[in-house]
Amino acid sequence: MTTTRLALALSDGLPEGEFLVIGARGMDDLSPLEPARTRIQQGHFPDHRALAARGFQVAPVIDGRFDAALVILPRAKAEARARIADAASRLAPGAALWIDGQKSDGIDSVLKEMRALAPVEEVHSKAHGKIFRMTVPAGGWLPDDWTTRAHEVAPGFVTRPGVFSADGVDPGSAMLAAALPDRMPTRVVDLGAGWGWLSAQALIRPGIEILHLVEADHAALESARDNIADPRARFHWADARDFTLSEPVNGIIMNPPFHERRAADPRIGADFIAAAARLLTGAGRLWMVANRHLPYETVLTQHFAHVTEISGDNRFKVIEATGANRGAARKGRR
């Protein structure tokens with residue numbers, strides 16, 4: 001979303017009353033809004049933290065009724081529809097609902113869908129995207145399947161719209177699970193745990209006394225809570241890159257993301273590796289999976305004394321690393 005589009009949409013000023021925003025990102029320019037009467041629903045932890053630091057009232061899930069709303073579209077269509085249904089359910093008939101998105105996020109497709117469901121009063125195009133306003137009709141005007149609900153994706157596992165690998169087990173995670181040792185360390189962290197499938201596979205093996213699932217996507221973490229009832233599991237809504245514990249652990253598993261929205265960014269995985277080294281004891285072990293083309297070996301050797309590829313194919317590589325904080329970066333500072 002750009003300030004230009006939002007300013008065009010709100011050229012007559014912000015509507016009276018309480019205003020709901022679903023999906024605003026941490027760096028979005030929201031200057032046309034009034035923080036005192038704006039509530040933002042944002043379940044991505046880094047964006048949530050950034051918006052809160054700017055003085056907005058923000059939460060991963062918001063209840064209650066509102067006088068008007070703005071939905072900022074994500075790329076995943078199911079999640080986009082769920083956001084629209086969520087916003088519409090908080091509004092009375094006759095209230096204004098704005099929907100904003102980039103062309104690359106499917107705004108044209110959503111606009112076409114909405115025009116078939118209800119009148120669209122105005123559309124503004126700017127900066128490779130659109131924002132449009134509609135008046136919420138009375139009655140059940142949206143399809144029932146647009147509502148956010150958990151759905152079974154594998155036996156005993158549910159996901160929610162928009163989470164990573166929402167339609168099935170990620171093949172990289174499956175390869176990593178197969179490469180884990182028969183007996184796991186006692187204290188384990190799953191960095192970027194998603195909806196919990198990899199953690200569940202680790203908990204099947206003997207050895208674990210406590211397993212921390214760390215996930216920035218609130219919807220994914222809620223799915224993980226649904227999927228794992230094991231009392232050894234601890235759930236943390238947090239950014240894995242700066243997650244801390246009071247005591248070090250002796251095992252970490254992770255399938256780190258390497259995209260920031262649409263753009264590939266290997267620095268995210270590098271930050272996960274640095275975080276893993278900070279969390280581990282010197283004798284602890286890291287197991288991670290990554291796409292074959294990602295150049296993580298240099299970063300790994302900066303933070304770990306021993307780095308070994310233990311499994312892989314032409315798409316993925318599974319790496320085991322030990323000797324946290326005894327890598328080349330530390331040696332170079334001596």
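Restricting to Cα pairs below 8 Å that are 6+ residues apart, what does the relative contact order work out to for segment 1-94? Please round to a whole percent.
Once divided by the residue count of segment 1-94, the mean separation gives 29 percent.
With springs only between Cα atoms under 10 Å apart, run a GNM on the chain and tell me which of ASN291, ASN255, ASN314 wobbles the most.
ASN314
Which whole-number percent is the relative contact order of segment 183-299 (Cα, under 8 Å, 6+ apart)?
26 percent
What size of dipole, in debye to the nearest 20, comes out for the chain about its Cα centre when the only charges are +1 on Lys and Arg C-beta atoms and -1 on Asp and Glu C-beta atoms?
Dipole about the Cα centre, nearest 20: 1040 debye.
Which of these, SER125, SER11, SER199, has the largest mean-square fluctuation under a Gaussian network model of the chain (Cα springs below 10 Å)?
With Cα springs under 10 Å in the chain, the top fluctuation among SER125, SER11, SER199 is at SER11.
Share of antiparallel DSSP beta bridges in the chain, in percent to the nearest 5? Each step should come with its number before you reach the end.
Values: 33 of 69 bridges.
Here the share of antiparallel DSSP bridges comes out near 50 percent.
Specify which residue in the list HIS48, ALA150, PHE272 is farthest towards the positive end of the charge dipole of the chain, using unit charges on the beta carbon of Lys, Arg (+1) and Asp, Glu (-1), about the Cα centre.
PHE272
Stretch LYS103-ASP230 to full length: gain in nm at 0.36 nm per residue minus the Cα-Cα span?
That works out to 41.5 nm of additional length.
Between PRO256, ASN291, LEU213, whose Cα lies farthest towards the positive end of the dipole of segment 185-328 when Lys and Arg beta carbons carry +1 and Asp and Glu beta carbons carry -1, centred on the Cα centre?
Positive-most Cα among the choices belongs to ASN291.
Which FRET efficiency value, to the nearest 0.05, is calculated for GLU309 and ILE210 with the Förster distance at 45 angstrom and r the Cβ-Cβ distance?
Calculated transfer efficiency: 0.95.
Could you tell me which of LEU117, GLY101, LEU198 has its Cα farthest along the dipole of the chain towards the positive end, charges placed at Cβ (Lys, Arg +1; Asp, Glu -1), taken about the Cα centre?
Farthest towards the positive end: LEU198.
Over the chain, average the accessible area per residue using a 1.4 Å probe and give it in Å², no decimals.
That works out to 45 Å² per residue.
Treating only the Cβ atoms of Lys and Arg (+1) and Asp and Glu (-1) as charged, compute the dipole magnitude of segment 181-269 about its Cα centre; round to the nearest 20 debye.
160 debye
Counting pairs of alpha carbon atoms under 8 Å apart in space and at least six apart in sequence, what relative contact order in percent does the chain give?
Over the chain, the number comes to 11 percent.
Please state the shape class of segment 168-218: rounded when a/c is under 1.5, otherwise prolate if a/b exceeds b/c and oblate if not, all from the C-alpha gyration tensor.
oblate
Between the alpha-carbon centers of segment 48-73 and segment 78-143, tell me the distance in whole angstrom.
17 Å
Nearest 20 debye, what's the magnitude of the dipole of segment 211-262 about its Cα centre given +1 on Lys and Arg Cβ and -1 on Asp and Glu Cβ?
Roughly 80 debye, rounded to the nearest 20.
Only Cα pairs within less than 10 Å get springs; with that Gaussian network setup on the chain, which residue of ILE72, ILE40, ILE268 has the largest fluctuation?
Result: ILE268 has the largest fluctuation of those listed.
Obtain the nm distance between the two label points defined at GLU121 and GLU34 by a simple spin-label model: each point lies 7 Å from its Cα along the Cα-to-C-beta direction.
Those two pseudo-labels are separated by 1.8 nm.
The values are calculated or read from the model by the stated rules, or taken from the named source; none is laboratory data. What you are looking at is a predicted structure, and each value in this text was computed from that prediction instead of being measured. Neighbour counts are summed over all protein chains in view; Cβ atoms, including those assigned to glycine, are modelled from backbone coordinates with ideal geometry. Note: areas computed on protein heavy atoms with side chains; ligands, DNA, RNA excluded. Shrake-Rupley method; radii C 1.70, N 1.55, O 1.52, S 1.80 Å.
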